[in-house]
Amino acid sequence: MLYFDHNATAPLHSVAKAAWLAAQERFSGNPSSLHRSGQRAEVALETAREFLARHLSCQPAALLWTSGATEAANAVFAHLAQGARGTGEVWISAIEHPCVAEAAARYFPKAVRELPVTGAGALDLGALEGALSQRQPVAVGLMAANNETGVLQPWREALELCRAKDVPLVCDATQWLGRLPAEELGECDYVFGSGHKCGAPVGVGFLKAPQGFKGLLVGGGQEEGRRAGTQNVAGAAAFVAALGACAARFIEVPERLERRGRVEGALLAALPGTVILGGQPPRLWNTIAVLAPELADCRQRWVVRLDAAGVAASSGSACASGREAPSRVLSAMGIPAGASDRVLRLSGGWDTETADWAEVVRRMAAVLERWR
């Protein structure tokens, strides 16, 4: 099976696995305990925090460990709701991940405004600037890179616009981390991510938050009272180990972008009628989202046909309770709901070879030939 669903979950990186096992053996104590075993675990946890802070170019004290992006997003919007002022609204881009969209809707019921995106899937900065000139929201939420199309969002420009109006920016950096340098992301007021997108185990993430942050989880005094619960020391060690391994390969990004272009050219040639989604703006080097040609038998989607051909990819539509619903991202980009069965997201990793991409193109062409 060719695995092309890294944007959902990346395979566990060997260095992350080794770091996790080593931490489990060496730091078995509770980092809140005062005995030597606990203190060693605390040192390991703080060492990982300092590494992450350097990766983001922020202060270690601003970072807290979470179970992942979903917890972090809920914690951020719960905190913002406690001190909501002005219009009482939060604004988020129309292509935010459900963890942001649903958290915003829960803690700001009937007070969430969606910011439009261009047809290519990038935030409309003009719309944000115009809206900020008229009113002041509690916060603006904008992801760094879209999980479905890979389109890089103009979060730097959005941060400048928000700062001019004293509005905090909430940035979901989940897809950016481990794929592009992240130093500037530490400038955002709130930024969070999950380790399992870059090769760490599932169940560990982080949140960068300003002083005075009131956590969602209460109980013990961990994370200086900002997030209760015993910290995942081994997970944190594995997370930063994976980040370090990925960062060592950032020099390869230009080459990876060139390869993505060649793969897309091959796709367009082998599957006439294919459309590259988000093709114009800058995108993640590892992600290709396409609107594939129609198949004669529409009872099964492209992603199902491709799975039968031995390729694990993802679709652009979301499923809940066994029922399919149009993707928020595709809807915001103006793609009809009826076309969702033709959407494919191919997302590789640092170890995905050129031959793997070529084989995916070959198998997609075979699927089209058989079912057209």
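The values are calculated or read from the model by the stated rules, or taken from the named source; none is laboratory data. Since the model is a prediction, treat every value here as computed from it, not as a measurement. Every residue, glycine as well, gets a Cβ built from its backbone with ideal geometry; the counts of neighbours run over all protein chains shown.
Do we have any residue at all in the stretch 34-41 that's at pLDDT below 95 and either closer than 11 Å to PHE192 by Cβ or basic (Lys, Arg) (or both)? Yes: one or more hits.
Given GLY186, GLY178, GLY193, which one is among the small types (Gly, Ala, Ser) and assigned to a loop (DSSP other than H, G, I, E, B)? Of the residues listed, the single one that is among the small types (Gly, Ala, Ser) and assigned to a loop (DSSP other than H, G, I, E, B) is GLY178. Among the residues of the stretch 264-286, those that are crowded, with 17+ Cβ neighbours inside 10 Å and farther than 15 Å from THR149 by Cα comprise ALA266, LEU267, LEU271.
To keep it simple, each residue is scored yes or no on (1) among the acidic types (Asp, Glu); (2) closer than 26 Å to HIS13 by Cα.
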residue	(1), (2)
GLU264	yes, no
GLY279	no, no
PRO282	no, no
VAL303	no, yes
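Going by the conditions given, is GLY219 touching a Ser or Thr at 6+ places or on another chain (Cβ under 7 Å) and either β-branched (Val, Ile, Thr) or surrounded by fewer than 24 Cβ atoms within 10 Å (Cβ to Cβ) (or both)?
So GLY219 fails the test.
Considered as a group, the residues in the stretch 118-150 that are of a type in the set (Ser, Thr, Tyr) and more than 13 Å from LEU161 (Cα to Cα) include one that is surrounded by the most Cβ atoms within 10 Å (Cβ to Cβ), and that residue is THR149.
When the stretch 239-272 is limited to residues that are out of contact with any strand residue (DSSP E or B) (no Cβ under 9 Å at 6 or more places or on another chain) and in a loop (DSSP other than H, G, I, E, B), the one that is nearest to LEU368 (Cα to Cα) turns out to be PRO272.
Quick one: is ALA22 among the small types (Gly, Ala, Ser), assigned by TED's automatic domain parsing to the domain that holds VAL151 and at pLDDT 95 or above?
yes
Is the stretch 199-211 home to any residue that is surrounded by fewer than 13 Cβ atoms within 10 Å (Cβ to Cβ), assigned by TED's automatic domain parsing to the domain that holds PHE51 and in a loop (DSSP other than H, G, I, E, B)? Within the stretch 199-211 (the criterion being surrounded by fewer than 13 Cβ atoms within 10 Å (Cβ to Cβ), assigned by TED's automatic domain parsing to the domain that holds PHE51 and in a loop (DSSP other than H, G, I, E, B)), the answer is yes, since at least one residue qualifies. Note on the stretch 88-130: among residues that are touching a residue at least 24 places away in the same chain (Cβ under 8 Å) and at positive phi, the one that is farthest from the chain's Cα centre (by Cα) is GLY88.
Going through the stretch 98-131 one residue at a time, which ones are assigned to a helix (DSSP H, G or I) and farther than 18 Å from ALA75 by Cβ? Those that are assigned to a helix (DSSP H, G or I) and farther than 18 Å from ALA75 by Cβ: LEU125, GLY126, ALA127, LEU128, GLU129, GLY130, ALA131.
Within the stretch 64-117, if we keep just the residues that are among the polar types (S, T, N, Q) and modelled with pLDDT under 95, the residue that is surrounded by the fewest Cβ atoms within 10 Å (Cβ to Cβ) turns out to be GLN82.
Taking the stretch 1-90 as the region of interest, the helices (runs of 4 or more DSSP H) fully inside it that hold 3 or more residues being among the charged types (D, E, K, R) are 14-26, 36-56.
Looking across the stretch 203-216 at every residue that is touching a Ser or Thr at 6+ places or on another chain (Cβ under 7 Å) and not aliphatic (A, V, I, L, M), the one that is farthest from LEU12 (Cα to Cα) is identified as PHE206. In the stretch 315-349, the qualifying residues are those that are assigned to a strand (DSSP E or B) and surrounded by fewer than 20 Cβ atoms within 10 Å (Cβ to Cβ), and the one that is modelled with the lowest pLDDT is ALA320.
Is it the case, given these coordinates, that ARG305 is modelled with pLDDT under 95, in the same structural domain as ALA365 (by TED's automatic domain parsing) and not in a loop (DSSP other than H, G, I, E, B)? Yes, satisfied.
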